[in-house]
Amino acid sequence: MTQKLLQANQYIEKNASSINQEYRNQFHLMAPLGWINDPNGFVFFRGEYHLFYQYNPYDSVWGPMHWGHAKSKDLIHWEHLPVALAPGEDYDKNGCFSGSAIEKDGKLYLLYTGHNVEEESTRQVQCLAVSEDGVNFEKYAGNPVIDERQLSGVATSDDFRDPKVFRREDYYYTVVAAKTADNRGQILLFRSEDLLEWKFYSVLLEGEAHQGIMWECPDLFQLDGEDVLIISPIQMKAEGLSYRNISSAVAFIGQMDWEKGKFHPDNYHEVDGGLDFYAPQTCENDRGERIMVAWMQLWERLMPTNELGHGWAGSMSLPRKLAVVDKHLIQEPVAGLYENVKLEEKLLDKEIENQTFELKNQVCDQQYLSLELDVSEAENIQLEYAKGSNTGMLLSYDVASQMVTVSREKAGHVITGAEEGGLGARSIKVPPQNHKLKLQMVRDTSSLEVFLNGGKTMSFTFFEKEKGKDIALTVTGKVKLSLEGGEVNR
Ligand code: DQQ
């Protein structure tokens, strides 16, 4: 282990027990202490999921990026492993930025961005590290493996990062984020026979001016007969209800022309309609399922746990299983969630008409709830979750406009961000199916992820000042409600 890695691991061991646990999630992956951002190197290796993450162990704000590391069998219970990468070589001196993992000849390879702050600019290059055991990684002596040599005439190395590596037929490929001279997102494709020698292949896709000033963290895969390109654009312009966060996660669905290395999108849309979801990355498991996980946060947000001096900030989202239906990416919680909940039926076809119906003391910190609402005779539904005296997360459904709105405005610490006018709530359109609105709610201490009809999701963090224990449903018109749920095993 290098000196820098040793230092990071020793620091974690010495200090992890001193952080404040109040808002810690229990079945979402978090770092032992310090700051966490993008998921990296998500891979199914030797029968387990490995998930790495952008990590500053030394502070609860972004800083010199290391790669934290954990593994899991069910994506619910996580085992922390030693920090995998620390910055410090002449090609990654200011950070080991985001990247991905792939197995080759039984070994685990990480392809990541070496971030270097030079006198007048930054220099970002792609680097390899390899592990025999999936725990201890050694940086490749020939690093960097992709840099200005392969880039010449296409893009510059100022913004050139986040390689996502995959195998297709006889080659390895990686997509890498770059940008055009006029500040539009650009995804580049490189090809290799052995992961060591790389050649520029193509400009895969370029963004339009309204689609953000830089695209980060690309991911390219095939699913349900479609090609899917996921990107995270910085400052994508709002369009109606979509892309309202300062930066977004976007899925393009279309076809790859592998001859020319071009992606032809038929459709694109925001991946998650909540306030906290960025830089998603996917992996394929041994059942051929495509699983996605994201950083459940966004840039330029006030982080309550940092402000309060709790010694940590950030969490991964719940991993979700993906499918593509009608050119849309749809998401459901991974099987591991259901395996770890003992479902109890709480209500069956309960009629609620022009009243507020309360379920007292039904909320816990690690909770899964599934609601089915027949809305055929309803006008408006307001669901207060984790309700205390004048606090709680508010989920509402307006039947005429088919609009689901989730607000954290009354749910504890105020979270400000760079969004114009502030942003405490988001709305998405969700048509009922057979007159029914289905909601699955996944709550871990300081997060709420909502899975809706048709596979749409809304992810939020919230930091309560007072523990809300109740659920209240206020109905205008009439609904029939079935509700089941249970505590999630940690
Ligand atoms: N975070 C990393 C970059 C990436 C950005 C740095 C996205 O590699 O582009 O921590 O959140």
Inset, instruction - Find all pairs meeting these conditions: Cβ atoms under 9 angstrom apart; at least six residues apart or on different chains; first residue within the range 26-39 and under 22 Å from residue 340 (Cβ atoms) and of a type in the set (S, T, N, Q); second residue open to solvent by 10 Å² or more (accessible area, probe 1.4 Å) and part of a strand (DSSP E or B). - result: none
Inset, instruction - Output the qualifying pairs, or none if there are none: Cβ atoms under 8 angstrom, residues six or more apart or on different chains, first residue in the range 279-301 and over 24 Å from residue 423 (Cβ atoms) and open to solvent by 20 Å² or more (accessible area, probe 1.4 Å), second residue at pLDDT below 95 and within 12 Å of the ligand (Cβ to nearest atom). - result: none
Inset, instruction - Go through the residues of the range 258-265 one by one and say whether even a single one is open to solvent by less than 10 Å² (accessible area, probe 1.4 Å), at pLDDT 95 or above and within 16 Å of the ligand (Cβ to nearest atom). - result: no
Inset, instruction - Please go through the range 30-43 and pick out each residue that is among the aliphatic types (A, V, I, L, M) and within 16 Å of the ligand (Cβ to nearest atom). - result: 31, 36
Legend entry - Selection within the range 425-471 - free of Cβ contacts under 8 Å to residues at least 40 places away in the same chain and not in a strand (DSSP E or B): 430, 431, 434, 453
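Give the residues of the range 133-185 that are on the phi > 0 side of the Ramachandran plot and free of Cβ contacts under 8 Å to residues at least 40 places away in the same chain, sorted by residue number.
Those that are on the phi > 0 side of the Ramachandran plot and free of Cβ contacts under 8 Å to residues at least 40 places away in the same chain: 153, 169, 183.
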Inset, instruction - Sort through 91, 23 and tell me the only one that's within 16 Å of the ligand (Cβ to nearest atom) and hydroxyl-bearing (Ser, Thr, Tyr). - result: 91
Inset, instruction - Return yes or no: is residue 129 closer than 24 Å to residue 203 by Cα, touching a residue at least 12 places away in the same chain (Cβ under 8 Å) and either within 16 Å of the ligand (Cβ to nearest atom) or open to solvent by less than 60 Å² (accessible area, probe 1.4 Å) (or both)? - result: no
Legend entry - Subset of the range 429-464 (residues that are out of contact with any Lys or Arg (no Cβ under 8 Å at 6 or more places or on another chain) and of a type in the set (Gly, Ala, Ser)): 447, 454, 455, 459
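The values are calculated or read from the model by the stated rules, or taken from the named source; none is laboratory data. It should be emphasised that the depicted structure is a prediction, and the values quoted were computed from it without experimental measurement. Please note: Cβ atoms are built from the backbone with ideal geometry, for glycine as well, and neighbour counts cover all protein chains shown. Keep in mind that these areas ignore ligands, DNA and RNA; they rest on the heavy atoms of the full protein, side chains included. Shrake-Rupley method; radii C 1.70, N 1.55, O 1.52, S 1.80 Å.
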